[in-house]
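Nothing in this text is a laboratory measurement; each read-out follows from the coordinates by a stated rule. On a predicted model such as this, the values are computed, not experimentally measured, just so you know. Because the Cβ atoms are built from the backbone with ideal geometry, glycine has one as well, and the counts that use them run over all protein chains shown.
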Number of protein chains: 2
Amino acid sequence: MALIVQKYGGTSVANLDKIRNVADRVIRAKEGGNNLVVVLSAMAGETDRLIGLANQASEGKPDDREYDALIATGEQVTVTLLALTLNRLGHKARSFLAHQVKIHTDRAHMKARILKVDTREIERELKKGHVVVVAGFQGVDTENHVTTLGRGGSDTSAVALAAALKADVCEIYTDVDGVYTTDPNLCRSARKLVKVSYDEMLEMASAGAKVLHPRSVELAKKYDVPIYVKSSFTDDEGTLVTKEDEEMEAVVVSGVTYDRDQAKVTVVHVPDRPGIAARLFTTLSDRNIPVDMIIQNASVEAFTDLSFTVSKKDMREVERLIGPVASDIGAQGVQYDQNISKVSIIGVGMRSHAGVASQMFAALAKEGINILMISTSEIKISCVIESKYTELAVMVLHETFGLDRK
Amino acid sequence: MALIVQKYGGTSVANLDKIRNVADRVIRAKEGGNNLVVVLSAMAGETDRLIGLANQASEGKPDDREYDALIATGEQVTVTLLALTLNRLGHKARSFLAHQVKIHTDRAHMKARILKVDTREIERELKKGHVVVVAGFQGVDTENHVTTLGRGGSDTSAVALAAALKADVCEIYTDVDGVYTTDPNLCRSARKLVKVSYDEMLEMASAGAKVLHPRSVELAKKYDVPIYVKSSFTDDEGTLVTKEDEEMEAVVVSGVTYDRDQAKVTVVHVPDRPGIAARLFTTLSDRNIPVDMIIQNASVEAFTDLSFTVSKKDMREVERLIGPVASDIGAQGVQYDQNISKVSIIGVGMRSHAGVASQMFAALAKEGINILMISTSEIKISCVIESKYTELAVMVLHETFGLDRK
């Protein structure tokens, strides 16, 4: 008898009809002879509504402990509604809130990390043959305060439960039906992947594909939990996110991703002295502004140019912060460019195949697409280009690496 | 420094504006030099909305454990919103859910009884000078399942907390501004009472006045917690519900109440044998149908008539149940009458004053109001009359016992 953890996102539990659909899926899996633990998000839009209330009540400065206790109610509603539905359909089900499981986290409200999951109560219910329904996104700290895990929190809850329970698989039901070689909305020849490795999935997430939150994939990798990504609205096969195997390594590039939400900042003619980069980036990290790519050219006559990319939404604050620092450190000036995007190719096979980068650059060059920045990891190559070429670049790379062919 | 428990009902926390009003009241009491524990209901209408969802999901037959965990979310929203508001206004506040306090109850879901309240966490917060905001209506059983206390539950939570914390007073803020000598909507000369005893309040509740739930009054009486009933929308003085004193005993009648939600059932010409009444009323209690007044006339030639009243909403089921039983026990027939109501006079002074009943009957007779049934307790006399005379009877009794005069 297999133990399956299933996780359904907000659009899959958006109303009672959809919760009924989820119940049907759960029952089908149960009747297939499996033990079931189901993790739910809040109804689509509900968490945002609660966040709105919190901000109104606190004039935009919510106490984080109260904020978390408020927004955690969304999941409490969906888990009890699913349990009610399952019970009505003749399948005994029990809902669990974080304090009932318990799911222990640290005290970092709004972005808590799971420290430990007690499985005793859940295992007792499973032994009775009951379906266990657990509220995602929430935890409790050592003082029994309610915490929440931040964006992607319910995926993380599901993987943590699967790890703690040594589940056979963690199925993540979402509104896309798997992981694709590239965005099917942009490129009609995109194919769904049967399998993808944890590392590839992580690079895809950081490169702009939003199927799974990176935290959940990291956790799955750490505890070797296979994740099966699947649509909750169709019966199509999904994509298995799992550890690398030989088959995967034979494929050089398994996906092309893009990210339009990038802006480029260049600090021009910076004195090439120790501590300059630290000074610049500490200014940003102190304000919690994530920096993605960083490029520093080789210095010419003790001066260098320093480029980096940030999220478009952070641009205004970056301008405010970087201007003064740049003049402080004796830079000539700062250039800002919002008309860029990042395209990336990803594949574990890159490690053992030479010439992938040059193949990528040549393909872009052939279409007259200028490369503004380059960054690479072991299994990823990213290029910043002018944003008007995004679609073209994606299609060209998709074809170049044979992703349009089975 | 006094310790005050304040409880606000659903209409007092119906939206963010009203929650802000509550915050202002709390702050005023706090700045008056008091320690504050605030108990809240869910936003008006929210519990009913959640009950609706539960019934839809379960097709009207909700699992009681899941039902309770669902409907308890309403209070979780209001307590965190009040805490957020208070914190924003510079008054450190902490919300507590039942599992955090903890408020221990028995396992009777939907109508759980409070067994014990742990006060350690709350006292720790109070010592720090913080305002404590507690979710009403909810508890946890020994297995940490969420329970709810049923109608009037938040009043009961507040009184239980006040008792456990040995609070100086439990203030209940509601949409009426105190306890009146009779319904001011029916009788313009109704006066607000400054003080009323627990027993009178209990009799008033059972006789149809809906200011406080009887369970909370019983609990307050048991632990001698003074309850101060007050409007959350005005600054008018309210009514203190407290233990009897000499002043109260000097007043013969302190209130006139009425209840239109009654229907009368008469089982006619019943053989006067042991076990007949038991047979009849067990049939009803087995279906959880509460019976209010029961009258059995002295038997004539081994036959008697047996009358009782039930709530109008239960009439259909009573007819279905009683018909067969009546023929079984050899009764001649059953008469049903929905055109009745009950008027009652209440006062602890009755105990030491003779002739109150006859004064009541005479006053009704003088207006040509026929009395259909009579029932009395130590401090209450109730008469069932034709419902068209309700208003007249209330006004006459109010005047007869001098309640329109200070």
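Long-range amide H contacts for B:SER232: which residues qualify at under 5 Å (H placed 1.01 Å from N, peptide plane, sequence gap of 5 or more or a different chain)?
Excluding prolines and chain starts, which carry no amide H, the hits are B:THR174.
With only alpha-carbon atoms in the gyration tensor, what are the semi-axes of the equivalent ellipsoid for chain B, in Å, largest first?
Working: eigenvalues 333, 151, 61 Å².
Value: 41, 28, 17 Å, ordered largest first.
Could you name the aspartates and glutamates in cross-link range of B:LYS264, using Cα to Cα under 18 Å and dropping any fewer than eight places away on the same chain?
Hits, sequence-local ones excluded: B:ASP292, B:ASP305, B:ASP314, B:GLU317, B:GLU319, B:ASP337, B:GLU386.
Evaluated at 25 °C with a viscosity of 0.890 mPa s, what Stokes-Einstein diffusion coefficient in µm²/s does segment A:3-175 have when Rh comes from the Kirkwood expression over alpha-carbon pairs? Could you put the intermediate results ahead of the total?
Values: Rh = 15.8 Å.
The estimated diffusion coefficient comes to 155 µm²/s.
Using the 10 angstrom Cβ neighbour count as an exposure proxy, how do A:LYS342, B:LYS128 rank, fewest first?
Values: A:LYS342 26, B:LYS128 10.
Least crowded to most crowded, the residues run B:LYS128, A:LYS342.
P(r) tail for segment A:229-300, what percent of Cα pairs lie past 20 Å?
Working: 1573 of 2556 pairs.
Of all Cα-Cα pairs in segment A:229-300, 62 percent lie more than 20 Å apart.
Could you tell me what a quarter of the Cα convex hull surface of the protein assembly as shown works out to, in nm² with one decimal place? Write out the running numbers ahead of the final one.
Values: hull surface 174.9 nm².
The directionally averaged projection comes out at 43.7 nm².
Quick one: A:LYS388, A:LYS7, fewest Cβ neighbours within 10 Å first, how do they rank?
Numbers: A:LYS388 11, A:LYS7 29.
The most exposed by this proxy come first: A:LYS388, A:LYS7.
First select every other residue whose beta carbon is under 15 angstrom from the beta carbon of A:ARG124; then total the charges, Lys and Arg +1, Asp and Glu -1. Before the final figure, lay out each step's value.
Working: positive: A:LYS92, A:ARG94, A:LYS102, A:ARG120, A:LYS127, A:LYS128, B:ARG65; negative: A:ASP118, A:GLU121, A:GLU123, A:GLU125, B:GLU143.
Once all neighbours under 15 Å are counted, the net charge is +2.
Give the Rg (one decimal place) followed by the Dmax (whole number) of segment A:256-400, computed from C-alpha coordinates and expressed in Å.
16.2, 47
What are the label-to-label distances in nm, one decimal and shortest first, from B:ARG188 to the same spot in the other copies, with labels 7 Å along Cα to Cβ?
Inter-copy label distances (nm, one decimal, shortest first): 8.0.
Give the nm distances, rounded to one decimal, from B:ALA250 to the matching residue in every other copy, measuring between label points 7 Å along Cα toward the beta carbon; shortest first.
The answer, with the shortest distance listed first, is 10.2 nm.
Quantify how strongly other chains surround peptide A:49-59 by giving the mean number of their Cβ atoms within 10 Å of each of its Cβ atoms.
Numbers: counts 0, 3, 0, 0, 7, 4, 1, 7, 13, 8, 4.
Mean shielding count: 4.
Using a Förster distance of 45 angstrom, determine the FRET efficiency expected from the C-beta separation of A:SER358 and A:LEU115, and round it to 0.05.
0.50
Output the pairs from A:LYS111/A:LYS243; A:LYS221/A:LYS313; B:LYS342/B:LYS366 with a Cα-Cα distance over 25 Å in this structure; if there are none, say none. Could you put the intermediate results ahead of the total?
Values: A:LYS111/A:LYS243 27 Å; A:LYS221/A:LYS313 30 Å; B:LYS342/B:LYS366 18 Å.
Violating the 25 Å limit, Cα to Cα: A:LYS111/A:LYS243; A:LYS221/A:LYS313.
Straight-line reach from B:LYS127: which lysines fall under 21 Å, measuring Cα to Cα and dropping same-chain residues less than 8 apart?
Excluding near neighbours in sequence, the set is B:LYS7, B:LYS30, B:LYS92, B:LYS102, B:LYS166.
If neighbour count is taken as other Cβ atoms inside 10 Å, put B:LEU70, B:LEU84 in order from fewest to most.
B:LEU70, B:LEU84
Hey, what's the Cα Rg ratio for segment A:141-233 versus the globular rule of thumb, 2.2 N^0.38 Å? Could you put the intermediate results ahead of the total?
Details: Rg = 14.3 Å, N = 93, 2.2 N^0.38 = 12.3 Å.
Dividing the Cα radius of gyration by 2.2 N^0.38 Å gives 1.16.
How far apart are the A:ASP272 label points across copies, placing each 7 Å from Cα toward Cβ, in nm, shortest first?
Label point to label point, same position, other copies: 11.8 nm.
Suppose we flag GluC sites (Glu not before Pro) only when DSSP calls them loop and at most 10 other Cβ atoms lie within 10 Å. Which is the longest uninterrupted stretch of chain A?
So the longest stretch without any such site is A:144-300.
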